[in-house]
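Below is one structure; the comments refer to it alone.
Only the coordinates and a few stated rules stand behind these numbers; no lab work does. Since the structure is predicted, the reported quantities are computational estimates derived from the model, not experimental observations. Here the Cβ positions follow ideal geometry from the backbone for every residue, glycine too, while neighbour counts run over all protein chains shown.
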Amino acid sequence: MLKPEAFLQAEYAARFIGSKCPVRPNVAVVLGSGLGDFANELAQPSTIPFGEIPHFPVSTAIGHAGNLVIGNFVGLSLAVMQGRAHFYEGNTFAQAAFPMRVLHQLGVKAVVLTNAAGGINPQYGRGALVMVRDHINMMGGSPLIGPNDDRFGPRFPDMTYAYDREYRKIAEAEAKRLDIPYYEGIYAAMHGPSYETPAEIQMLARMGADLVGMSTVPEVIVARHMDVRVLAISCVTNMAAGLSGEAINHEEVLETGRRVKDTFLALLRAVLPKIAAS
Ligand code: ADE
């Protein structure tokens, strides 16, 4: 639910961050489960725990450090979120995506959202990297429900080009250049926290989903509401229920995240400067 006070809260949170950190970021990265190490690549980092930022939702998920790190990265001013808050942790969709509002206030015009996802497309295997082309929101709600605040964006934001085509092309070109195998796919968002049943996965497959996860979509909706451009990259940490003959556990998800981390980071390193320049 978008609350009328959200704009002031975002301004206040951005001012707090500005008081702790001299850098004004123009690109942001959200690091999903097991990918938080990328923040170590920033020069002159300011690290602010989510819990210290006014109105920021706190992440309790294992594998999420829960810091905002702002610093310089190969000549860019970058904001990196080590982890994110989820709906399944008890946040509303608007709370979970509130960091997008704050980043926008700080001057961010582009976000790279990363996540761990379950593979539905049978071509995928554990560790596959997928450029998200579109999504299917099965979370049962939107972060924009409630009175619209025109200072953020329109009542009915367009979602035709939610996943920026130019950014996707850049990411795919860089993956090719680095010899990193990748796919393009459609991400279905479920609210979790239980993983899906095999029957639910069959339903999502018939709907056209290639991937399933429990994050990202509220952030994409809020980012697009403010006309912030989005690149989303999923790491297939496990095949979805019923597809591998094995049960899913969170440890496996984290383990795959760790295994592909270096490849994922190499891709981010290559993509970020190109995105910032486009
Ligand atoms: N994250 C990683 N694997 C997942 C799955 N199978 N379903 C939802 N979220 C996931």
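Using Cα pairs closer than 8 Å and at least 6 residues apart in sequence, work out the relative contact order for region 1-115, in percent.
Relative contact order for region 1-115 comes out at 37 percent.
In debye, nearest 20: dipole of the chain around its Cα centre with unit charges on the Cβ of K, R (+) and D, E (-)?
Computed charge dipole of the chain: roughly 660 debye.
Quick one: P(r) of region 190-250 from all Cα-Cα pairs, 10 Å bins, percents rounded to integers, in order of increasing distance.
Once binned at 10 Å, the Cα pair distances of region 190-250 give 19, 46, 26, 8, 0.
How much net charge surrounds V74 when only other residues with a Cβ under 10 Å from its Cβ are counted (Lys, Arg +1; Asp, Glu -1)?
Net of charged neighbours comes to 0.
Test of understanding: extend the Cα→C-beta vector of L265 to 7 Å, then name every residue of region 22-42 with backbone N under 19 Å from that spot.
28-42, by backbone N distance to the label point.
Along the charge dipole of the chain, Cβ charges K/R +1 and D/E -1, which of H86, T60, N26 sits furthest on the positive end?
N26
Each residue of region 78-83 in turn: what ³J(HN,Hα) in whole Hz from Karplus with 6.51, -1.76, 1.60 and θ = phi - 60°, glycine and Pro shown as x?
In residue order, the calculated couplings are 10, 10, 10, 9, 8, x Hz.
Is the shape of region 38-100 rounded, prolate or oblate, going by the alpha carbon gyration tensor and its root eigenvalues a ≥ b ≥ c, with a/c under 1.5 for rounded and a/b larger than b/c for prolate?
Note, shape of region 38-100 comes out prolate.
Considering Cα pairs under 8 angstrom that are at least six residues apart, work out the relative contact order of the chain and quote it in whole percent.
25
With unit charges on the beta carbon (Lys/Arg positive, Asp/Glu negative), name the residue among A173, M139, V253 whose Cα is farthest towards the positive pole of the charge dipole of region 126-278.
Positive-end residue among those listed: A173.
For region 6-277, what is the convex hull (Cα atoms) projected area averaged across all directions, in square nanometres?
About 12.9 nm², averaged over all directions.
What shape does region 1-148 have by the C-alpha gyration tensor, where a ≥ b ≥ c are the square roots of the eigenvalues, rounded means a/c under 1.5, and otherwise prolate means a/b greater than b/c and oblate the rest?
In terms of gyration-tensor shape, oblate.
What's the center-to-center distance, using Cα atoms, between region 144-202 and region 250-271 in Å?
So the separation of the two Cα centres works out to 18 Å.
Provide, for the chain, the number of lysine pairs with alpha carbons under 19 Å apart, each pair being eight or more places apart or on different chains.
For the chain, qualifying lysine pairs total 5.
For a test of the definition: using alpha carbon positions, the gyration tensor, and the 1.5 limit on a/c, classify region 135-210 as rounded, prolate or oblate.
oblate
Please give the calculated 222 nm ellipticity per residue for the chain, where each DSSP H segment of at least 4 residues contributes -39500 (n - 2.57) and the sum is spread over every residue; nearest 500 deg cm²/dmol?
-10000 deg cm²/dmol
Pop out the ³J(HN,Hα) list for region 40-45 in order, Karplus 6.51 cos²θ - 1.76 cosθ + 1.60 with θ = phi - 60°, rounded to Hz; leave Gly and Pro as x.
5, 7, 7, 8, 6, x
Membrane-span-like helices in the chain: DSSP H runs reaching 27 Å or more (Cα, own axis), mean Kyte hydropathy at least 1.6?
Once both thresholds are applied, nothing remains.
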